[in-house]
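The values are calculated or read from the model by the stated rules, or taken from the named source; none is laboratory data. Predicted model only: the values in this text are computed from it and were never measured. Cβ atoms come from the backbone with ideal geometry, glycine included; neighbour counts cover every protein chain shown.
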């Protein structure tokens, strides 16, 4: 099934950003090197993991690259990014979705015809903040999860391809769970129980099982170029 851009220009104006510091090669341009960015902030006594710090890194790279979005990939090990968090304490550091980082609070559009089956809000720090789930009309056993949204969400019920369903949330007032501005997009083969959300990270030991429950979003978006 073909999906349209959930964010305007996403498929054609996205640049991959490496968030697994072990994959960062020597010679990577300074503005793309988040390992170096973390090191420099830490040397200044600043916390590089704060959302406003991460936002500065994202904004600088977006501006220098000329692209509109940065893409954090599926299956990345983000141990360094998550150090000190409850997620890391549970050894769940392998990313199960695709993150789309932006400078602005971009509108989010439905990538397909379907039904908005659930909306909600996680108030805890480093949760999803406001979120929304779509069941596509033409695909069986597939749901689309969108996390870290703003508080203005579409209501449950029918949605058409291209409809505005939300906007990106901000880290201020814990609107998006306390992260830099981005969309967490995750495929699911089953709907979580009422009141629950999908895990966004897996342990390495459970990744094979979880990757079947939460397949790679990019496999479904044939027009994506980055």
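Values for this structure:
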| item | result |
| --- | --- |
| Single residue of 11, 3, 38 found to be crowded, with 17+ Cβ neighbours inside 10 Å, in contact (Cβ under 8 Å) with a residue 40 or more places away in the chain, assigned to a loop (DSSP other than H, G, I, E, B) and over 16 Å from the mean Cα position of the chain (by Cα) | 3 |
| Residue count for region 14-35, restricted to those that are in a helix (DSSP H, G or I) and closer than 21 Å to residue 96 by Cα | 4 |
| Unique match (being at pLDDT 95 or above and either under 26 Å from residue 49 (Cβ atoms) or surrounded by 20 or more Cβ atoms within 10 Å (Cβ to Cβ) (or both)) among 157, 120, 162, 178 | 120 |
| Filtered residues of region 17-35 (kept if surrounded by fewer than 15 Cβ atoms within 10 Å (Cβ to Cβ), under 26 Å from residue 218 (Cβ atoms) and either in contact with a helix residue (DSSP H, G or I) (Cβ under 9 Å, 6 or more places away or on another chain) or at pLDDT 95 or above (or both)) | 22, 28, 29 |
| Near pairs, Cβ below 6 angstrom, 6+ apart or cross-chain, from region 195-218 (buried (at least 16 other Cβ atoms within 10 Å of the Cβ)) to any residue that is at pLDDT below 95 and in a helix (DSSP H, G or I) | 201/87 |
